[in-house]
Amino acid sequence: MKSKPKGAYAQAGVDISAADKTKDLIKDLVRPTFGPEVLTDIGHFGAFFKLRQYTDPVLVSSADGVGTKLKLAVLMEKHDTVGMDLVNHCTNDILCCGASPLFMLDYVGLGKLQPHTVAAIVSGLARACRAVDCALIGGETAEMPGMYKAADYDLVGFIVGVVEKAKVISGENIVEGDIVLGLPSSGLHTNGYSLVRKIFGIDRDAISLKMIYPELGRTLGEALLQPHRCYHNELKPFLDELHGLAHITGGGLVGNIPRILPAGCSAQIDRASWQVPAIFELVQKRGSLKDEEMYRVFNMGIGMVAICGQEAAGKMLSSLADARQIGKIVKANGSERVIIQ
C-alpha cells in the first residue's frame, strides 16, 4: 500500500499532524494545573485568569529560559526535567519580590516536532507548576526547520505572580546588622553550562556525560541535569519578615546580591559557612578556574539568599533544616557590594 503523499508544508519540514498529536498528548498533563481561576480550556486564542481575594494586588512577571542545559537534555535523551528547571527558575525570580505564581506560559521552538519529546518537556512543566499551585495556562510550540537542528530545541517561560502592594519585598528595608541566610542549590541550576560543556568537551564527545565520578556518586550527566531547586514553598511562611531575597543565578553571589542592597550597605559573606558541592570543585579543577571566576559564574552551592533581622533569622534557621547563616550586612566601604572572605 502506497503511503499518502506529503503536502508541500510537510515537504518543507513542518508537520501539522505532529502538532495536532502533540496537543492531544499534553492536554491531560496541563489540565490538572488549572484551578477555578482559569476560565478557558486549552486551545483558545487567549487564556483567561480571574484574579481573586486580593485587596491591592501587584502583578509581578518574569521571563527566562533554560539555556544550554538543553544541549545536555538532547544528548542524554532526557527531557522530563528541563520543564521543572524553567518553572522553578521563574518562580524563584518573582519570589524575590514577595510574589506567588498565578499562571505560566511556555514556548518551545524545535527543528523537528517530536510529539513525545514535547510531552516529556510539558510533563516537567506541569509537575513543577502543580507543586507551587501555578496554572500552566497556555503555550506555543513552533516547528522551525533550518532555524534549529532536527533534535535541538529552545524552551522559554513567562510567569505572572501576585503580591499585595503592602507586602512587596524590595530590599529597601535592609539595614546594617541584618543577617544573610543561604539556602543550598541543587547544583548548577540553569547557569554556567556553556563553560562546563567546553571544559568537559561535551559537544565533541557526549560519552563524558556517562562517566561516573566517585566524588559525585553518579554520572556527570546526572549531576549536571539535576533540576533547578524551587524555594517558594519553604520561604512563603517567612515572606512578611524578610527584608530582601536574591535568587543566585548567572553572576553568582557577587552579581545578584547587589540587586537588592540599598545604598550604603554591603554584604559580607563567609565562604567557610557552607560546603561547596563536589560538582563545583570538579568543574574548577578540570577547568583550572580561579575562585574569582567561579563565584562570578556559578552559584557555588547557594541558590537563594534571604536577608532579615536577628529574630526572623532565628526562626528560619530553626524551621528550615538546610538554611544557614552565611554572612551579615555591613556598612559599605568603597564600591565593593559583596565581600567574600
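What follows is calculated from the coordinates using simple rules that are stated; it is not laboratory data. Because the structure is a prediction, the values reported are computed rather than measured. Glycine gets a Cβ as well: all are built from the backbone with ideal geometry, and neighbour counts include every protein chain shown.
Things to note:
- Highest to lowest packing among 74-81, 202-209, scored as the average C-beta count within 10 Å: 74-81, 202-209
- Shown in residue order for segment 45-54 are the 3J(HN,Hα) couplings computed by the Karplus curve 6.51 cos²θ - 1.76 cosθ + 1.60 at θ = phi - 60°: 6, x, 10, 9, 9, 8, 7, 10, 6, 10 Hz (x for Gly and Pro).
- Where chymotrypsin sites (Phe, Trp or Tyr not before Pro) fall in DSSP loop in segment 131-228, at most 11 other Cβ within 10 Å: none
- Simple label model, 7 Å out from Cα along Cβ direction - SER194 to LYS165, nm: 4.0
- Fraction of the pair-distance distribution of segment 28-154 above 20 Å, Cα-Cα pairs, percent: 46
- Table column - 3J(HN,Hα) (Hz), segment 177-187, Karplus curve with 6.51, -1.76, 1.60, x for Gly and Pro: x, 4, 8, 9, 9, x, 10, x, 8, 9, x
- Available extension along the chain between VAL175 and GLU241 is 22.4 nm, counting 0.36 nm per residue and deducting the alpha carbon span.
- Under 20 Å of direct C-alpha separation, and excluding same-chain neighbours fewer than eight residues apart, LYS71 reaches these aspartates and glutamates: ASP80, ASP85, ASP106, GLU143, ASP152, ASP154, ASP203, ASP205, GLU222.
- Order by protection proxy (mean Cβ within 10 Å, highest first), peptides 49-56, 327-334: 327-334, 49-56
- The chain: Cys lacking any partner C-beta under 4.7 angstrom: CYS90, CYS96, CYS97, CYS230, CYS265, CYS308
- For the chain, calculated [θ]222 nm from helices alone, where every DSSP H run of n ≥ 4 adds -39500 (n - 2.57): -9000 deg cm²/dmol
- Charge sum, other residues only, whose C-beta stays under 11 Å from TYR148's C-beta, Lys/Arg counted +1 and Asp/Glu -1: -1
- Greater than 27 Å apart at Cα, pairs in LYS165/LYS236; LYS21/LYS210; LYS23/LYS69; LYS21/LYS198; LYS23/LYS198; LYS50/LYS167: LYS21/LYS210; LYS21/LYS198; LYS23/LYS198
- For segment 196-270 and segment 291-317, distance of Cα centres in Å: 11
- Under 5 Å, built H, 5+ apart or other chain: amide partners of ARG324: GLY182
- Largest-first principal axis extents, alpha carbons of the chain, Å: 78, 54, 33
- Ordering of 34-47, 267-280, 311-324 by packing is 267-280, 311-324, 34-47, highest average first (other Cβ atoms within 10 Å, averaged per residue).
- Relative contact order %, the chain, counting alpha carbon pairs below 8 Å whose residues are six or more apart: 21
- Length released on extending from ARG218 to GLU77, taking residue separation times 0.36 nm less the Cα-Cα span: 49.0 nm
- Distance from segment 155-178 to segment 57-81 (C-alpha centre basis), Å: 22
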